[in-house]
Amino acid sequence: MRITIHYLLSVTALAFYGEKVCPLLESLGVFDWSIRLTTVFATLFLIRPLLIKWLVLKSDWQRQAQNQFFIEWSLFLMAAGILGYYNSYENYFDLVSGMKVFLGCATFGFFAAADMALERQKIISETPNLVEWKAYSARVVFPITAKLTSIAVFSLLFMSLILFLVFLKDLYWLLDLDQEGFESGKDKFLRELLFVGTVILGELINLIYSFCRNLKQFFEKQNSSMEAVASGNLDQLVHITSQDEFAVMGSHTNHMIELLKERNRQLEKTRQEIIQRLGRAAEYRDNETGMHVVRMSHFSEALAKKANLSKEQCDLILQASPMHDVGKIGIPDNVLLKPGKLEGEEWTKMQTHVEVGASILSGSDSKLMQLAEEIAATHHEKYDGTGYPNGLKGEEISIEGRIVPICDVFDALTSVRPYKKAWTVEDAIELIKKEKGKHFDPDLVDNFVSILPEILEIRERYSENKSVA
C-alpha cells in the first residue's frame, strides 16, 4: 500500500514538475508527458515484486533493508533513464532536459526508497525468532547519526535543486512580462514554489514519521523486556533487527538477561541441593546412605504428573518432599534408632517429628518452603482420618500430603532399615493396594500402580550403591 502511494504521488508530482522546470516538457503537454510517466512507472511497478522476492526476501536479514533501499531507488533511476532516452529519441530533447527529469525521479525515488527501507526494518522487527541473538555479534554498521545526516543532506539537496530549477525557468519568463502580467505571474510563481515545497516537505515528514515509528517500536520492545525482567520473567529478550546503536543496546540487554537467568539457575540449583541435603541429613540418622529422600521425591514428582498437577506443582513437590522427615533431627537416638517396635512414650515422642519438622520449615514466604511445611505436617495423616497429628480425612489433606505418603511408604518398605529387611516390590504394592481408602487416597494408589515401571526405573537410578551431588 505504501509503495503504491509513492508511485502515484511520484507520477502526479513529476507531471507537474516537468512542466515547471523544462520548456521542452512544457511544449510536450501535460497529457502526453503524464502518459509516458504512467507507462514507465506502471511497468516498473509490476516488475518490482519479483525483484523484492529475489533480492530482498532471500537475503540475510542484515542486508534486507539495505537491498530494499537500493532496489527501490534503482527502479526510479531506471525510470529516469528510460524517460530521458525516449524523450531524446522521440522529441530530440537535449541533455539538460534529461538531467532535469533525472533529478526529479532521483528525488522522489530517494524518499520512496528510504521509506520502504524503514518499512522493511519494521517488518523484520515484527518477525519472531528471525535473529538468534547469541549467534549474532551486534555491531554498528550504519550509525543512527549517519542515517539522520544522510536523510537531512539529501532532502535539502534535492529540495534546493528542484526549487532552483523552478525559479530559474520562471525567472526568464517573469522578466519578459509587462507590469500587469508580472503581478499575476508573480502569484503563479509563488504557487508553484509552494506546491513543490509542500510535496517535498510532505515526503520528508513521512520519512521522519517512519523513522520515529521504528524508534518507538524498538523502545517499546526494550521497555517490555525490562518490565518483564522486573516482574521476574527472564524469557522475554529484546528483538534485534538492525545494525546500529540500538542493536548493540539490545544485545547488551539480552546478555544481561542471560546472565540473570544463569545466576537464577545457579541459585535454584544451590537451593535444591541445600533442600535435598537437609532432607538427607535427617535420613542419615536411620538410613545408611540417605538415598531414600532422593528416590521418594522423584516418585512423588512422577505421581503428581500422573495426577495431572501443573508443571509448577510437580516441580515444587520434587523439591519440597525431601524435607518431609526433617523433624527427625529433633528425635532422640534411643527412640529413632531403636531396632524394635516403639512403645508408649517412645511412639508419642516419634510422632512429634511432624510438629518439629513443620516448625523448622514454617514462617517462609517462599512457595517451596510453604509446601515443604505442608508436606511435613500432613505426610502421616491417613485418608480415613486415623492418622496424626490432626486426624485429617480425605480431601481435608492436601493433594501433596496424599501423594508423598504413598511414595514414602513404598520406598521405606522396599529398602533395608536397621530394624527390617527390604520387602519385595510385589509385597509392597500388595500392602499399598490393601490400604486404598484407609491409609491412602484410592485414586492416587491406582495412579501409582499404573506408573510402576517408571517408579522402578527411578528406584534403580537412585539405588543405595549410587549417589547424587
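What to note about this one:
- Annotation: of all residues in segment 91-102 being in contact with a helix residue (DSSP H, G or I) (Cβ under 6 Å, 6 or more places away or on another chain) and of a type outside the set (Ser, Thr, Tyr), the one that is modelled with the highest pLDDT is PHE102.
- Scanning segment 112-140 for residues that are under 30 Å from LEU14 (Cα atoms) and either small (Gly, Ala, Ser) or modelled with pLDDT under 80 (or both) turns up ALA112, ALA113, ALA114, ALA117.
- Members of segment 224-262 that are small (Gly, Ala, Ser) and either on the phi > 0 side of the Ramachandran plot or crowded, with 19+ Cβ neighbours inside 10 Å (or both): SER225, GLY232, SER242, ALA247, GLY250, SER251
- All conditions but one from (1) farther than 28 Å from ALA112 by Cα; (2) part of a helix (DSSP H, G or I); (3) touching a helix residue (DSSP H, G or I) at 6+ places or on another chain (Cβ under 9 Å) apply to PHE218; the one that does not is (1).
Yes/no per residue for (1) surrounded by fewer than 22 Cβ atoms within 10 Å (Cβ to Cβ); (2) touching a residue at least 40 places away in the same chain (Cβ under 8 Å):
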| site | (1), (2) |
| --- | --- |
| VAL294 | no, yes |
| ASN308 | yes, no |
| ASP325 | no, yes |
| GLU355 | yes, no |
| GLY363 | yes, no |
| THR378 | no, no |
| SER398 | yes, no |
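- Tabulated pairs, segment 82-106, first in contact (Cβ under 8 Å) with a residue 40 or more places away in the chain, second part of a helix (DSSP H, G or I) and among the small types (Gly, Ala, Ser), C-beta under 6 angstrom, 6+ apart or interchain: VAL101/ALA80; VAL101/GLY84; CYS105/ALA79; CYS105/ALA80
- MET1, sole failed condition from (1) surrounded by fewer than 12 Cβ atoms within 10 Å (Cβ to Cβ); (2) at pLDDT 90 or above; (3) of a type outside the set (Phe, Trp, Tyr): (2)
- Single condition VAL404 does not satisfy, out of (1) touching a Pro at 6+ places or on another chain (Cβ under 9 Å); (2) in a helix (DSSP H, G or I); (3) closer than 25 Å to ARG459 by Cβ: (1)
- So GLU373, is it part of a helix (DSSP H, G or I) and more than 21 Å from ASN308 (Cβ to Cβ): yes
- Taken over segment 221-278, the criterion of being part of a loop (DSSP other than H, G, I, E, B) and either under 13 Å from the mean Cα position of the chain (by Cα) or touching a residue at least 40 places away in the same chain (Cβ under 8 Å) (or both) is satisfied by ASN233, LEU234, ASP235, GLN236, LEU237, VAL238, HIS239, ILE240, THR241, SER242, GLN243, ASP244.
- Counting only residues that are modelled with pLDDT under 75, buried (at least 16 other Cβ atoms within 10 Å of the Cβ) and closer than 24 Å to LEU103 by Cα, segment 168-210 holds 4 of them.
- Within segment 376-400, the set of residues being closer than 16 Å to GLN351 by Cα and in a helix (DSSP H, G or I) comprises ALA376, ALA377, THR378.
- Considering residues of segment 371-401 that are closer than 20 Å to GLU430 by Cβ and charged (D, E, K, R) only, the residue farthest from the chain's Cα centre (by Cα): ASP384
- Residues of segment 415-462 classified as touching a residue at least 60 places away in the same chain (Cβ under 8 Å), part of a loop (DSSP other than H, G, I, E, B) and among the small types (Gly, Ala, Ser), total: 1
- Residues located in segment 410-440, provided they are more than 18 Å from VAL293 (Cβ to Cβ), out of contact with any Gly (no Cβ under 9 Å at 6 or more places or on another chain) and not charged (D, E, K, R): TRP423, THR424, VAL425, ILE429, LEU431, ILE432, GLY437, PHE440
- Options LYS393, LYS382, LYS367, LYS349: the member that is modelled with pLDDT of 90 or more, farther than 26 Å from ARG417 by Cβ and in the same structural domain as LYS434 (by TED's automatic domain parsing): LYS393
The values are calculated or read from the model by the stated rules, or taken from the named source; none is laboratory data. Everything numeric here is computed off the predicted structure, so don't read it as measured data. Positions of Cβ are generated from backbone atoms using ideal geometry, with glycine treated the same way; all protein chains shown enter the neighbour counts.
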